[in-house]
Amino acid sequence: MTYRNIICDVVPFTAHNGEMGEAYYARPAGPGPFPCVVLIHHIPGWNEFCIEAARKLAHHGFATICNNLYFRMGDGDPDDIGARARADGGVSDEQMLGDVAGAIAFLRAQSNSNGKVGVIGFCSGGRQTYLSACRLPNVNAAVDCWGGRVMADPAALNAKQPVAPIDYSKDLNCPMLGLFGNDDKEPSPEQVNKTEAILKDLGKTYEFHRYDGAGHAFFDWSRPSYRPEQAVDGWKKVIEFFNKNLA
Amino acid sequence: MCSYITEKAPIFGSAKGRSGWMRVDTAVVYYDHPVHVPLDHALNIDFVDSRSKERVAVELSAASARELVRRIQAALDSGEAIHLGSGEEDPLHLMRAM
């Protein structure tokens, strides 16, 4: 079911450590109850691609919040703030998890919520989705879109990202959908295979889909990596997965 | 891929940004997704004024960046051959010595 009427605005929410964060909140008009989604933006920031993806999910009936992980870094164009965040080594996993937990609580507290919340992220947001699905107790479904560094070289770990998400796999407590391009290098097809083998061994519920002719970020219409055919199919799988697990 | 891998260099210089000329003290260099240039990955350089947080950003293809490195080196070599000995001390050296 799709909704022609959606409502979008920027809302305050209680983020990590009780700080007041900001988030883009797109939801179908009407009383609901609607399933809910937290969309974790990628490293480049709280930018048009992620905001547009939130509206797309709202169009398909999901009350969707895309919280600004970089709200502590001041105002400005998303690309400038993203550059600032990158130069600072990004946000810590603990802070990100606190912010996502706050976004989940915001969604559940709304009168239009059906009480179920999924998480989706692209690229670095895919990695953060994997972490959220393992470390937050109340995620009902997770979609990892080509999350890089789920399997991380120990040399790539640091104080802000101290543990590779794959090491938390035993704690995954919701169904997971993974979408990947076979031409991607991060995650490579080998890394995707290893991740799948681990989830299978642990008896987790997951669906992984791999696309030929696609690499990284094949949903992103603003990049040469955009692959319309694969993106259309991928979005279809995302909507079906959330409908199945968040109804 | 999206990564936080960056190279940072202290610099002494100026750059012209949105609000005119400004002093810049840090160059942040990374090879990852650009914002504007139509490439999946680019060599990106931010010349940053750490006080105002303002930046001047450049996004280059890998080959362009390597060509630029060569040209910067060539310009330094020829320029310093002419001007070295003029007595001008590089402020970055002085800052490092402090």
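Every read-out reported here was derived from the displayed coordinates using simple, explicitly stated rules and does not represent laboratory data. The structure presented is a predicted model; accordingly, all values stated were derived computationally and were not measured. Every residue, glycine as well, gets a Cβ built from its backbone with ideal geometry; the counts of neighbours run over all protein chains shown.
Points to keep in mind about this one:
- Applying a 4.7 Å Cβ-Cβ cutoff to chain A leaves A:C8, A:C36, A:C50, A:C66, A:C134, A:C145, A:C174 as cysteine residues with no disulfide-compatible partner.
- Full extension of the chain between B:A63 and B:L92 yields a length gain of 7.6 nm, computed as 0.36 nm times the residue separation minus the alpha carbon distance.
- Helical mean residue ellipticity (222 nm; -39500 (n - 2.57) per DSSP H run of 4+; nearest 500) of chain A: -11000 deg cm²/dmol
- Between 0 and 90°, nearest 10: helix B:62-83 axis offset from chain B longest Cα axis: 10
- Span from the the stretch A:74-106 Cα centroid across to the the stretch A:125-152 one, whole angstrom: 16
- Sites counted here are trypsin sites (Lys or Arg not before Pro) in a DSSP loop (not H, G, I, E or B) having no more than 11 other Cβ atoms within 10 Å; the longest part of chain B that contains none of them is B:52-98.
- Taking amide H as placed 1.01 Å from N in the peptide plane, A:F34 has its amide H under 5 Å from the amide H of A:S113, A:N114, each at least 5 places away in sequence or on another chain.
- The stretch A:179-239 shape via C-alpha gyration tensor axes, a/c threshold 1.5: oblate
- The order of the peptides A:46-56, A:132-142, A:196-206, A:228-238 by mean Cβ neighbours within 10 Å, most packed first, is A:132-142, A:46-56, A:228-238, A:196-206.
- Its Cα gyration tensor gives the stretch B:7-97 an equivalent ellipsoid, and the semi-axes of that ellipsoid, as √(5λ) in whole Å with the largest first, are 25, 19, 11.
- The stretch B:32-98 versus the stretch A:160-218: alpha-carbon centroid distance in Å: 38
- Computed from the C-beta positions of A:E19 and A:D183, the FRET efficiency with R₀ = 41 Å rounds to 0.55.
- Take each residue in A:83-89, count the other chain C-beta atoms within 10 Å of its C-beta, and the mean is 6.
- Nonlocal Lys pairs with alpha-carbon distance under 16 Å, chain A (8 or more apart, or different chains): 9
- FRET efficiency estimate (nearest 0.05) - Cβ-Cβ, B:I82 to A:K194, R0 45 angstrom: 0.20
- Averaged over peptide A:42-53, the number of partner chain Cβ atoms lying within 10 Å of each residue's Cβ comes to 1.
- Cα convex hull, chain A: 117 Å³ per residue, rounded to a whole number.
- Summing Lys and Arg as +1 and Asp and Glu as -1 over all other residues whose Cβ lies under 9 Å from the Cβ of A:G121 gives a net charge of 0.
- Averaged over the residues of peptide B:28-40, the number of Cβ atoms from other protein chains lying within 10 Å of each residue's Cβ is 4.
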